[in-house]
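**Q** This is the structure I have questions about; it appears just below.
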Amino acid sequence: MSVAIMQPYFFPYLGYFQLVQAVDDFVFYDDVMFIKKGWINRNQILLQNKSFLFTIPLEKQSQNKSIRESNIAWGSEFPNKWLQQLQSAYKKAPQYVPVMELIESILQKKTETIADLAADSVMATWQYLNLEKRFHFSSQMNVSRELERAERLISITESLGSKHYINAKNGQELYQKEYFAQHGVQLNFLNQSLPSYSQGNLSNFLPGLSMIDVLMWNSNEDIKSMLAAFTLI
């Protein structure tokens with residue numbers, strides 16, 4: 001059994017989903033501080049053959065609040081304007097209809113917090129791909145928030161009955177395999193690959209966009225192959 005722990009992002013890029021694919025249990029780290037101008041409530045889509053950054057507006061956005069405490073500012077800008085941008089961007093994409101239905105089904109819930117909306121975007125995408133995974137929220141787990149960063153990750157991993165924690169590749173700057181091993185937990189890092197695919201009329205592939213772009217242009221079977229394009233180091 002293996003565990004990954006990551007902040008919930010709204011329709012994150014393919015590499016995030018590869019991390020989900022790599023583990024048995026995935027924990028949304030929703031009770032840590034919200035980071036402004038990060039990727040929790042922002043992402044990029046392909047609009048007019050260019051990368052376009054969109055932002056989900058939040059009420060009284062603050063880095064003094066946790067992700068769980070950050071509420072969405074529902075209104076005409078979001079989701080109506082954003083849905084119009086998606087239509088303009090992807091109306092000719094082969095999977096436009098089912099993917100828009102997926103997105104609209106998530107938005108119809110009008111969840112209060114960005115934590116729930118972002119997590120829903122990941123879990124609903126996983127169901128859309130007919131894949132299974134055990135998902136959890138750190139805010140619902142009986143693990144102290146007062147622990148040092150690495151200690152808390154170890155405690156969450158162990159609380160799920162696992163001794164194997166997998167982190168994103170950039171976690172190598174923060175965590176040491178030796179430290180985790182001293183606490184009885186194996187630490188690996190995900191070395192992901194972002195396979196190219198046809199993006200309509202775009203001549204040069206633009207990687208790293210929201211999973212929405214991947215879903216719009218590819219079949220479920222092709223996406224499942226992309227999810228496996230990683231190695232553990």
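**Q** Suppose every Lys and Arg Cβ carries +1 and every Asp and Glu Cβ carries -1, with no other charges. What dipole size does region 135-233 come out with about its Cα centre, to the nearest 20 debye? The partial results should precede the final answer.
**A** Details: 7 positive and 9 negative charges, 17 e Å.
Computed about the Cα centre, the dipole is about 80 debye.
**Q** Fewest Cβ neighbours within 10 Å first, please rank Arg149, Arg42 accordingly.
**A** The fewest-first ordering by Cβ neighbours comes to Arg149, Arg42.
**Q** Find which of Ala115, Tyr90, Ile103 sits farthest along the positive direction of the dipole of region 68-119, computed with +1 on the beta-carbon of Lys and Arg, -1 on that of Asp and Glu, about the Cα centre.
**A** So the residue furthest toward the plus end is Tyr90.
**Q** In addition: With springs only between Cα atoms under 10 Å, which of Gln108, Gln186, Gln87 fluctuates most in a Gaussian network model of the chain?
**A** Gln108
**Q** Projecting each Cα onto the charge dipole of the chain (Lys/Arg +1, Asp/Glu -1 at the beta carbon, about the Cα centre), which of Leu227, Met216, Thr125 comes out farthest on the positive side?
**A** Going by the Cα projections, it comes out as Met216.
**Q** Report, by chain and number, residues whose modeled amide H sits under 5 Å from the one on Ser70, excluding near sequence neighbours (fewer than 5 apart, same chain).
**A** Distant-sequence amide H within range of Ser70: Ile114, Ala115.
**Q** Something else: Taking 35 Å as R0, compute the FRET efficiency from the Cβ-Cβ separation of Lys37 and Gln87 and round it to 0.05.
**A** Numbers: r = 26 Å, r/R0 = 0.75.
Once rounded, the FRET efficiency stands at 0.85.
**Q** If you don't mind, another one. What residues have an amide H closer than 5 Å to that of Phe189, excluding those fewer than 5 places away on the same chain, when H is modeled at 1.01 Å from N in the peptide plane?
**A** The answer is Asn167, Ile233.
**Q** Here is a further query. Given a Förster distance of 25 angstrom, what is the FRET efficiency for Gln48 paired with Tyr197, based on the Cβ-Cβ distance and rounded to 0.05? Don't skip to the end; give the middle numbers.
**A** Values: r = 19 Å, r/R0 = 0.75.
Taking R0 as 25 Å, the efficiency between Gln48 and Tyr197 is 0.85.
**Q** Amide H to amide H, which residues 5 or more places from Tyr13 or on other chains are under 5 Å from it, using H placed in the peptide plane?
**A** Met211
**Q** What's the exposure ranking of Leu187, Leu58, going from fewest to most Cβ atoms within 10 Å? Before the final figure, lay out the partial values.
**A** Values: Leu187 22, Leu58 19.
Fewest to most other Cβ atoms nearby, the residues stand as Leu58, Leu187.
**Q** Helix hunt in the chain: which complete DSSP H runs extend at least 20 Å axially by C-alpha with mean Kyte-Doolittle at least 0.0?
**A** On the way: long enough: 114-128 (21 Å, 0.49).
Taking the DSSP H segments of the chain (at least 20 Å long, mean hydropathy at least 0.0), we get 114-128.
**Q** In percent, what relative contact order does the chain have, based on Cα pairs under 8 Å that are 6 or more apart in sequence?
**A** Averaging sequence separation for qualifying contacts and normalising by length gives 29 percent for the chain.
**Q** When the helices in the chain are scored as -39500 (n - 2.57) per DSSP H run of 4 or longer and the sum is shared across all residues, what 222 nm value do you end up with, to the nearest 500 deg cm²/dmol?
**A** Values: 8 runs with 78 residues, N = 233.
Taking each H run of at least 4 residues, the total per residue is -9500 deg cm²/dmol.
**Q** Please give the charge dipole size of the chain, origin at the Cα centre, charges +1 on K and R Cβ atoms and -1 on D and E Cβ atoms. Round to the nearest 20 debye.
**A** 540
**Q** Of all beta bridges DSSP finds with both residues in region 3-232, what is the antiparallel percent, to the nearest 5?
**A** 45
A short reminder: the numbers here are calculations on the coordinates, not readings from a lab. Values in this document were obtained by computation on a predicted structure and should not be read as measured data. Cβ coordinates were reconstructed from backbone atoms using ideal geometry, including for glycine residues, and neighbour counts include every protein chain displayed.
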